[in-house]
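The values are calculated or read from the model by the stated rules, or taken from the named source; none is laboratory data. This structure is a prediction, so every number in the text was calculated from the model and none was measured. In this analysis, Cβ positions are derived from the backbone assuming ideal geometry, glycine residues included, and neighbour counts consider all displayed protein chains.
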Amino acid sequence: MSSTLPNSPLTTYVLNTGDGAPGARMALSLHRLDSLLVIWNLVTVGTTDEDGRCPGLITTKAFTPGMYKMRFETGQYWESLGQNSFYPYVEIVFTITNPNERFHLPLLLSRFSYSTYRGS
Amino acid sequence: MTLKSARMSTSRLQHIKDHLLDEYTCAEMAAPYSPLTTHVLNTGMGVPGAHMALSLHRMDPSTSLWNLLTTGTTNDDGRCPGLITRETFTPAVYKMRFETGQYWGSLGETSFYPYVEIVFTITDHSQKFHVPLLCSRFSYTTYRGS
């Protein structure tokens with residue numbers, strides 16, 4: 001993933017609500033469902049920065065209508081902090097019908113709970 | 001495209017179901033209290049998430065494949081008793097899948113999430129685990145309760 005890409009129409013933000021800090025250096029990946037083969041194609045891999053964000057997830061051109069999945073390696077993240085967690089990973093599957101809008105997909109996470117919402 | 005994908009996912013699920021042994025529906029289980037419970041709340045409308053289809057799966061560690069354990073539908077209170085028996089609830093990685101897209105569709109609405117899958121690890125199977133889903137059309141939350 002390149003930070004020289006213009007603003008991605010899809011953004012994320014990971015917040016560690018257990019510690020009240022950004023979810024920094026968490027591995028994540030974006031996938032798009034191939035509706036013919038019904039398999040997931042990997043679009044991007046990345047890691048959140050110190051602020052819990054991951055710029056350059058996808059280009060406007062690649063952001064076609066379809067079903068997408070963001071996968072967050074939450075188990076690895078908590079392990080790197082020396083803790084265990086109820087969720088080995090979090091996958092959020094969402095549908096994009098109008099790719100001209102901006103979509104913000106945050107993950108608010110503790111060891112024993114998580115939340116997400118559709119932002120912009 | 002969404003509806004087609006949802007239909008294909010559902011038919012794949014049915015295909016897998018047809019090949020399984022020992023699969024239960026929540027209603028078939030005359031089991032005493034399940035050590036794993038759920039509760040679906042429709043936070044968008046302030047009501048229980050009633051009549052939502054869901055399924056419980058366990059990961060087979062040797063093949064990394066998901067085995068379907070139970071299918072069910074939440075009752076009027078958004079709950080689904082009899083998800084699993086204590087004997088079957090072995091330490092493992094589990095997945096609860098909630099058919100949220102179908103649910104919102106039955107209310108005549110669209111939703112951002114075609115389904116929700118919550119994957120969790122059970123190490124101490126003598127405890128009780130509550131895996132609720134609080135959902136609206138554009139957000140959801142879950143937590144580990146007891």
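The table for this structure:
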read-out: Which listed residue, of B:Ile84, B:Ile16, is at pLDDT 95 or above, within 17 Å of the chain's Cα centre (by Cα) and either outside any loop (DSSP other than H, G, I, E, B) or hydrophobic (A, V, I, L, M, F, W, C) (or both); value: B:Ile84
read-out: All positions within the range A:16-33 that are among the charged types (D, E, K, R) and either over 17 Å from the mean Cα position of the chain (by Cα) or part of a loop (DSSP other than H, G, I, E, B) (or both); value: A:Asp19, A:Arg25
read-out: Selected residue (only one of A:Phe63, A:Phe112 is out of contact with any Gly (no Cβ under 7 Å at 6 or more places or on another chain) and under 24 Å from B:Tyr143 (Cβ atoms)); value: A:Phe112
read-out: Residues within the range B:88-134 that are farther than 17 Å from A:Lys69 by Cβ and out of contact with any His (no Cβ under 8 Å at 6 or more places or on another chain), tallied; value: 22
read-out: Test result for A:Leu5, at pLDDT below 95 and either out of contact with any Lys or Arg (no Cβ under 8 Å at 6 or more places or on another chain) or assigned to a strand (DSSP E or B) (or both); value: yes
read-out: Subset of the range A:21-33 (residues that are buried (at least 18 other Cβ atoms within 10 Å of the Cβ) and among the charged types (D, E, K, R)); value: A:Arg32
read-out: Wholly within the range A:34-120, strands (runs of 3 or more DSSP E) carrying at least 3 residues that are free of Cβ contacts under 8 Å to residues at least 24 places away in the same chain and surrounded by fewer than 16 Cβ atoms within 10 Å (Cβ to Cβ); value: A:39-47
read-out: Filter pass, B:Leu56 being touching an Asp or Glu at 6+ places or on another chain (Cβ under 8 Å) and not in a helix (DSSP H, G or I); value: no
read-out: Residue within the range B:102-115 that is buried (at least 17 other Cβ atoms within 10 Å of the Cβ) and either assigned to a strand (DSSP E or B) or free of Cβ contacts under 8 Å to residues at least 12 places away in the same chain (or both) present; value: no
read-out: Residues of the range B:125-146 satisfying the condition of being of a type outside the set (Ser, Thr, Tyr) and either under 13 Å from the mean Cα position of the chain (by Cα) or within 11 Å of chain A (Cβ to nearest Cβ) (or both); value: B:Phe129, B:His130, B:Val131, B:Pro132, B:Leu133, B:Leu134, B:Cys135, B:Arg137, B:Phe138, B:Arg144, B:Gly145
